[in-house]
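To start, the structure under review is shown below, and the notes come after it.
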Amino acid sequence: MKQQRGFTLIELVIVIAILGILAGIAIPRFLDSRASANGAKLLADLRAIDSAYNVYEARTGEAPTTIDQLVNYGTGNSLLAAIPVPPSSDMLITQNDGTQRRFTALDTSYEITNGRATYTCGEGSKEPVEWYLATDSSSGGNNTGSGGVADSLNTSNWAAFLAQAASGSGGNTGTALYKDSSGIYLLRYNQYVSAQVASTNPTLAEYAAANPGNAFKVDTDNILTSANMTTLYGQTVWKEDSLPQAGDVYQDGTNYYVCIRAATNIYNCTSLSNTGDWLKVS
């Protein structure tokens, strides 16, 4: 009868070592994938709550103080299907400069703080979505646009402008940024605000909705940089998935520019010095 030969100790050690190497590669990737999904959920939840908050405030004229108010807003008119539940484990978030940062899940619920949806991570403070996207995550924001990139933008106070327009002594905005409780908006092409309009005290969101094409909400979450551009036949053009839209922000060193008109192809809006395409705001 032929004798069967088993594995030697060296062979077993080699197999175990290979399995250990594979596990060392696969497990961190699995954990990072899960953390990235958690990070995406956190950002999506905060933005959904912020959006519902703005709609609630625009419709009722009052600011909600709890997320429950957004879920129970009238019969059949819920602004949120349910109260979002935050991730229960670590979150990996890609920040505005393209780097990734890990945050430790700490809180079991979201809150509304100073007019914004906030979440408390392991660093121990209630922060809005901009804080999690900021490169240094050192400051948060609120609906008036404070914190992160928003703090670097030169804005004018919308309420003060309306008061001036209502008095009949002003109303011609030029192309400029304005802010109020609904956010930061770009008003362009000498958009005129009459005393009659000003007397109704519209929020910027309401004014923008009534004046499409001349007022755009500024997106301070996703900042365009030179990384969104490429070279084609010796010419600098936009990458196909990075065409700037009106209200998008471009960062060039310490300077910020807001897009005035949307690019329709990769060759549009490539020069920051073109004042018909970009407004320098810092």
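The values are calculated or read from the model by the stated rules, or taken from the named source; none is laboratory data. Worth saying up front: this structure is predicted, and the values here are computed from it rather than measured. Positions of Cβ are generated from backbone atoms using ideal geometry, with glycine treated the same way; all protein chains shown enter the neighbour counts. Note: areas computed on protein heavy atoms with side chains; ligands, DNA, RNA excluded. Shrake-Rupley method; radii C 1.70, N 1.55, O 1.52, S 1.80 Å.
Could you tell me which trypsin sites (Lys or Arg not before Pro) in the stretch 222-282 are loop residues by DSSP with no more than 16 other beta carbons within 10 angstrom of their beta carbon?
Details: sites: LYS239, ARG261, LYS280; in loops: LYS239, ARG261.
Filter output for the stretch 222-282: LYS239.
Measuring r between the beta carbons of ASP241 and ASN157 and using R0 = 30 Å, the FRET efficiency lands at 0.25.
Straight-line reach from LYS280: taking Cα to Cα under 16 Å and skipping same-chain neighbours fewer than 8 places apart, the aspartates and glutamates in range are ASP151, ASP219, ASP248, ASP252. Taking 30 Å as the straight-line reach from the Cα of LYS126, the lysines in range (excluding those fewer than 8 positions away in the same chain) are LYS41, LYS179, LYS217. Placing dummy labels 7 Å off each Cα toward the beta-carbon, the span from ASP252 to VAL55 is 3.8 nm. Here the spin labels are modelled as points 7 Å beyond Cα on the Cα-Cβ line, and at ALA63 and GLN100 they lie 3.6 nm apart.
Computing the accessible area with a 1.4 Å probe over protein heavy atoms, can you report the carbon and sulfur percentage for the stretch 9-133? Please report the intermediate quantities before stating the final value.
Working: 4100 of 6910 Å².
Result for the stretch 9-133: 59 percent of the exposed heavy-atom area is carbon or sulfur.
Taking θ as phi - 60° and the Karplus parameters 6.51, -1.76 and 1.60, the scalar couplings of the stretch 96-109 work out to 4, 8, x, 7, 10, 9, 9, 10, 8, 5, 10, 8, 9, 7 Hz in sequence order, x denoting glycine and proline.
Shown in residue order for the stretch 38-44 are the 3J(HN,Hα) couplings computed by the Karplus curve 6.51 cos²θ - 1.76 cosθ + 1.60 at θ = phi - 60°: 4, x, 5, 5, 4, 5, 5 Hz (x for Gly and Pro).
Distant-in-sequence amide contacts of ILE184, defined by a placed amide H-H separation under 5 Å and a gap of 5 or more residues or a different chain, comprise VAL218. Taking only protein heavy atoms and a 1.4 Å probe, the accessible area of the stretch 153-282 is 46% carbon and sulfur.
Calculate the spin-label point distance for SER199 paired with THR230, positioning each point 7 Å from the Cα along the beta-carbon direction, and give it in nanometres. It is 5.6 nm.
Accessible surface for the stretch 9-133, divided over its residues, is 55 Å² per residue with a 1.4 Å probe.
Can you give the extra length, in nm with one decimal, that the chain gains between VAL85 and THR275 once fully stretched, where that is 0.36 nm per residue apart less the Cα-Cα distance? All intermediate terms of the calculation are to be shown ahead of the outcome.
Numbers: separation 190, 0.36 × 190 = 68.40 nm, distance 4.42 nm.
Net length gain for the segment: 64.0 nm.
Shape class for the stretch 158-281, computed from the alpha carbon gyration tensor (a ≥ b ≥ c): prolate, with a/c not under 1.5 and a/b above b/c.
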